[in-house]
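The values are calculated or read from the model by the stated rules, or taken from the named source; none is laboratory data. All values reported here derive from a predicted model rather than from experimental measurement. Here the Cβ positions follow ideal geometry from the backbone for every residue, glycine too, while neighbour counts run over all protein chains shown.
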Amino acid sequence: MKKTFPKQPRRGNTHEVQLTPHKRSAVWGDHSKPKARCGAKRIKEALAQTLMWLSMAVVVGMVVSVIWTIFSHGWKAMSWEMVSSLPGGGFYIGKEGGFLNAIMGSVYIVGGSTVLGLLISVPVVFYLNIYLKPGSKLAYVARMAFDVLFGVPSIVYGAFAFTIMIFFGLRTSLLGGIIVITLLIIPIFIRTMDEATREFPRDILDATYSLGATRWETLKVVLRQIAPGIATATLLSVGRAIGDAAAVMFTAGYTDSIPTSLSQPAATLPLAVFFQLSSPIPEVQDRAYAAALVLTVIVLLLSITGRLISNKFSKNKV
Amino acid sequence: MIEVKSLNIHIKDAHILKNVNVVLPERQITCIIGPSGCGKTTLLRTLNRLIESTEGVKTSGQVLVDGQDIIRSGAEITELRRRIGLVSQRPCPLPMSIFNNVAYGCRINNLCKGKELHRRVEENLRSVGLWDEVKERLHAPAARLSIGQQQRLCLARSLAVEPDYLLADEATSALDPISAKTVEDLFVKLKEQYSIIMVTHTLRQALRIADHVVFMYLGEVIEEGCAEQVFHHPQHELTQKYLTGAFS
């Protein structure tokens with residue numbers, strides 16, 4: 001059987017093709033003619049660019065003014081005593097002491113809930129992506145549920161945990177705070193890591209299976225590949241966990257001392273900001289900004305460390 | 001020897017493999033050829049049961065590897081896959097160092113460790129001609145190798161777990177011509193120790209290296225036999241047409 005092909009136009013003579021002026025401008029980017037059209041294009045371009053610059057300026061301006069406000073107010077009240085000592089007798093009327101209780105409380109709660117959150121969400125993500133077949137109904141329902149949980153406001157988590165604690169006759173405690181914050185960040189963990197894992201190349205899975213790996217043994221490979229995703233998820237979760245006031249208000253409570261056991265109440269930085277800012281005394285209000293400054297610096301440091309760790313782990317990513 | 005007997009595979013409503021019967025001889029290169037979508041890759045993935053990870057797949061028939069039916073019997077799937085290595089179309093190094101890529105399979109299968117593991121990694125990297133290129137940077141990420149080197153690394157990784165069979169799914173099609181030639185030559189060298197079953201889209205490649213040929217069309221095996229016979233005296237009209245390039 002012989003195949004015939006339609007005649008192809010000769011190649012290599014495109015420059016000889018006669019173009020109308022309109023077409024020529026489209027092909028060669030000739031902006032000089034026709035003039036009217038070109039003017040309109042330029043105006044549109046300039047307009048679009050101006051709008052983008054304006055949006056950028058608004059965002060950058062907001063960030064700068066937030067930092068400036070916190071810094072200018074907080075710096076006045078900031079001192080070594082502030083971050084290294086517990087509130088004294090007259091702390092809340094502007095006398096001696098610091099908010100080390102809130103710093104340590106926040107660190108305990110965030111540290112505990114991040115570890116707990118990772119321990120729970122990594123297996124969930126692994127199960128959703130590796131154990132369940134693609135297109136599984138269970139995975140679909142689970143993902144939808146996590147999306148819903150993602151959107152639940154933290155005060156609702158707080159109220160939910162509060163109800164349960166009352167039911168069991170428990171009082172506000174560090175453990176209560178850790179658990180409610182864990183609940184709050186698990187959807188963030190799972191959603192973010194899930195996105196990273198769904199992009200995991202099927203070929204790599206097939207390759208490990210072909211070497212005789214069980215699904216469990218592929219975990220090591222999957223974890224290495226999604227390490228940057230885990231880092232991002234952790235950063236987002238920590239950011240949300242450390243800044244949340246509503247969920248810990250009813251569960252961790254507030255105290256002027258550093259908790260020494262899980263059953264004692266714990267103070268947190270957002271609540272320190274809240275209580276001091278609602279004071280009528282200006283010195284105390286400035287202390288609220290100092291607490292906010294510490295909060296911001298902690299988040300910043302965590303972001304930088306998180307990035308560095310993530311870079312170290314992702315060098316093997318394919 | 002792998003014998004496939006009246007194998008049928010349905011994926012959802014599609015009948016992908018229709019009553020496939022083939023015998024894949026030992027210590028030879030078997031090339032599975034045929035137009036796109038004819039079920040070559042499905043057949044290949046059935047041989048090490050990777051097909052089971054596909055959604056909605058139904059299998060019937062027998063696949064006998066050295067006389068044992070791998071589909072029905074309670075054969076240990078990980079042990080089966082260790083014995084039947086796979087080299088995929090696109091090289092896919094694991095997200096670890098060059099050394100660990102080759103060592104991974106040995107570690108999970110508890111084949112060896114310590115000095116013995118080092119020796120085995122070196123030996124397998126040598127056998128794919130990669131040792132001299134990477135011996136200075138064994139702990140660099142495998143992803144930094146060139147694509148041709150990556151494919152040879154994948155081959156070394158498959159060989160390190162001491163398989164009896166090697167499946168290759170268009171293993172040279174993503175490579176540049178020079179790397180493709182290197183990998184192809186490797187297969188020819190390796191057939192002394194392994195039974196190689198490769199899917200290929202390139203007829204010329206099949207002509208160069210095949211000892212045994214299976215021609216498939218729309219899920220059926222149209223013709224199978226030794227390369228000499230299939231290429232030079234095809235019995236079936238479809239095979240003749242495919243070989244002369246009437247369709248591809």
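Observations on the structure shown:
- Strands (runs of 3 or more DSSP E) (entirely within segment B:18-110) containing at least 2 residues that are in contact with a helix residue (DSSP H, G or I) (Cβ under 6 Å, 6 or more places away or on another chain), under 17 Å from B:Met198 (Cα atoms) and within 11 Å of another protein chain (Cβ to nearest Cβ): B:84-87
- Residues that are surrounded by 19 or more Cβ atoms within 10 Å (Cβ to Cβ) and more than 13 Å from chain A (Cβ to nearest Cβ), drawn from segment B:119-133: B:Arg120, B:Val121, B:Leu125, B:Val128, B:Leu130
This table checks each residue for (1) surrounded by fewer than 19 Cβ atoms within 10 Å (Cβ to Cβ); (2) within 14 Å of chain B (Cβ to nearest Cβ); (3) within 14 Å of A:Ala241 (Cα to Cα).
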| residue | (1), (2), (3) |
| --- | --- |
| A:Val107 | yes, no, yes |
| A:Val141 | yes, no, no |
| A:Ala145 | yes, no, no |
| A:Gly169 | yes, no, no |
| A:Ile185 | no, no, yes |
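- Qualifying residue in segment A:187-210 (condition: within 14 Å of chain B (Cβ to nearest Cβ), at positive phi and touching a Lys or Arg at 6+ places or on another chain (Cβ under 7 Å)): no
- Considering segment B:163-182, the residues that are closer than 21 Å to A:Asp203 by Cα and surrounded by fewer than 18 Cβ atoms within 10 Å (Cβ to Cβ) include one that is farthest from the other protein chains (Cβ to nearest Cβ), namely B:Asp176.
- Some residue of segment B:226-245 being touching a Gly at 6+ places or on another chain (Cβ under 8 Å) and assigned to a helix (DSSP H, G or I): yes
- Only listed residue being in a helix (DSSP H, G or I), within 14 Å of chain B (Cβ to nearest Cβ) and not small (Gly, Ala, Ser), chosen from A:Val222, A:Val238: A:Val222
Matching residues to (1) within 14 Å of another protein chain (Cβ to nearest Cβ); (2) modelled with pLDDT under 90; (3) on the phi > 0 side of the Ramachandran plot:
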site	(1), (2), (3)
B:Ile147	yes, no, no
B:Gln151	yes, no, no
B:Ser158	yes, no, no
B:Glu184	no, no, no
B:Ile197	yes, no, no
B:Ala206	no, no, no
B:His212	no, no, no
B:His232	no, no, no
B:Ala246	yes, yes, no
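- Test set (1) surrounded by 12 or more Cβ atoms within 10 Å (Cβ to Cβ); (2) over 30 Å from B:Leu50 (Cα atoms); (3) touching a residue at least 24 places away in the same chain (Cβ under 8 Å) - A:Glu81 fails condition number: (3)
- The residue that is surrounded by the most Cβ atoms within 10 Å (Cβ to Cβ), counting only those in segment A:58-78 that are hydrophobic (A, V, I, L, M, F, W, C) and without any contact (Cβ under 8 Å) to a residue 12 or more places away in the chain, is A:Val66.
- Residues of segment A:125-139 classified as more than 12 Å from chain B (Cβ to nearest Cβ) and free of Cβ contacts under 8 Å to residues at least 12 places away in the same chain, total: 2
- Residues of segment A:265-288 satisfying the condition of being in a loop (DSSP other than H, G, I, E, B), among the hydrophobic types (A, V, I, L, M, F, W, C) and within 16 Å of A:Gly243 (Cα to Cα): A:Ala266, A:Ala267
- Scope segment B:89-131; condition basic (Lys, Arg) and within 17 Å of B:Ser179 (Cβ to Cβ); matching residues: B:Arg90
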